[in-house]
Amino acid sequence: MAEGYANPDALVTTAWLAERLGEPELVVVDITKYLPNEPKDGKAEYRARRIPGARYLDIDEVADRSTDLPHMLPDPTTFAAAMEALGISNAHQVVFYDQKGMASAARGWWMMRVFGHDAAAVLDGGLPKWIAEGRQTESGEPASPPPAVFAPAFRPWLVADWRAVLGAVTTHTARLVDARPAGRFHGTAPEPRPGLRSGHIPGASNLPHLALLNDDATFRPAEELRALLAAAGADGTHPVIASCGSGVTACAIAFAAHLVGLPDVAVYDGSWTEWGGRTDTPVETRSDA
């Protein structure tokens, strides 16, 4: 486990994981999600190279299919069925990683917490660090997971919808933190998804998720994370809602807050794909500020 954090069990090192691979109570999950403008397929890359024994969670498949928004959180029954298909029960410790280092791994941690499973963690540095250290990988079709039973317990306070965000804009009762890169936040760089307005939610602060990380995609020390979060308005004195492009890297904000012992941060699941795609939600750009 990582050291120096208020909740160190949420972040595991490559050395810790290497020592425990194959233990029956541990499940490792690749939850990589590439952006629409990235010419890669997470599941194909998983088959080509993965941590031994890892399973794959496709957030576009384990999602709310009643909406056109990408990888929205599914209902508890759908999520439970997906966990059981992966051989994950309530008794398992689950470690999430992604192929880019730390882009979507925190989404897996957040989804587990939303459905009541606290024994979930993120692999610090992800697959790139694992490979850089010369650790073993495997390829090909994975083995079928063993049967499992997963009972979800939904925690609604960890999820925000657009109405809750609009309420925060109107009443200033919660701080809004946007994890997108600065260019997209200010409206000076295009969105990877076509048809969206540019800019950000009025009153939001910008904390790109990569700012939380060292060059090797490991999380910064606790004091640095606290300072970054506090500068963005997440200092524990007000509720916080994190957003991003589609509710993935926003989870890194929620994860970092948990890691350093701050109160739970809600994630706006629809994020900019929903907000910027609507015509009835207010938008700010750098020129408006």
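A short reminder: the numbers here are calculations on the coordinates, not readings from a lab. Bear in mind the structure is a predicted one, so any value in this text is a computation, not a measurement. Quick reminder, even Gly has a Cβ in these numbers, built from the backbone with ideal geometry, and neighbours come from all protein chains shown.
Some notes on this structure:
- Reciprocal of mean inverse Cα separation for the stretch 157-275 (Kirkwood radius, Å): 14.1
- The stretch 34-87 versus the stretch 182-209: alpha-carbon centroid distance in Å: 25
- Calculated translational diffusion coefficient of the stretch 202-249 (37 °C, 0.692 mPa s; Stokes-Einstein with Kirkwood radius over alpha-carbon pairs) equals 279 µm²/s.
- The chain: angle of helix 222-231 to the longest principal axis, Cα-based, in degrees nearest 10: 20
- Shown is the FRET efficiency for T77 and D280, computed with R0 = 30 Å from the Cβ-Cβ distance and rounded to the nearest 0.05: 0.45.
- Here the relative contact order of the stretch 1-160, from alpha carbon pairs under 8 Å that lie six or more residues apart, stands at 29 percent.
- A120 long-range amide H proximity, modeled H, under 5 Å: V94
- Computed across the stretch 66-204, the Kirkwood hydrodynamic radius from all distinct Cα-Cα pairs reaches 18.0 Å.
- Student exercise, the stretch 157-275 dipole from Lys, Arg, Asp, Glu Cβ charges, in Debye to nearest 20: 300
- Mean projection area, nm², convex hull over Cα of the stretch 9-60: 4.6
- The chain: C-alpha pair distances exceeding 24 Å, %: 48
- Check: the chain dipole with +1 on Lys, Arg Cβ and -1 on Asp, Glu Cβ, in debye: 400
- Here the convex hull built on the C-alpha positions of the stretch 1-129 has a volume of 112 cubic angstrom per residue.
- Neighbour counting of Cβ atoms within 10 Å sorts the residues I253, I131, I59, fewest neighbours leading, into I131, I59, I253.
- Between the beta carbons of F154 and K43, assuming R0 = 25 Å, the FRET efficiency works out to 0.40 to the nearest 0.05.
- Residue order for D64, D215, fewest other beta carbons within 10 angstrom first, comes to D215, D64.
- Low-density loop cleavage sites - trypsin sites (Lys or Arg not before Pro) in the stretch 32-115, where at most 12 other Cβ are within 10 Å (DSSP): K40, R65
- Summing Lys and Arg as +1 and Asp and Glu as -1 over all other residues whose Cβ lies under 13 Å from the Cβ of A91 gives a net charge of -4.
- Mean-position separation - Cα centroids, the stretch 101-166 and the stretch 211-266, in angstrom: 17
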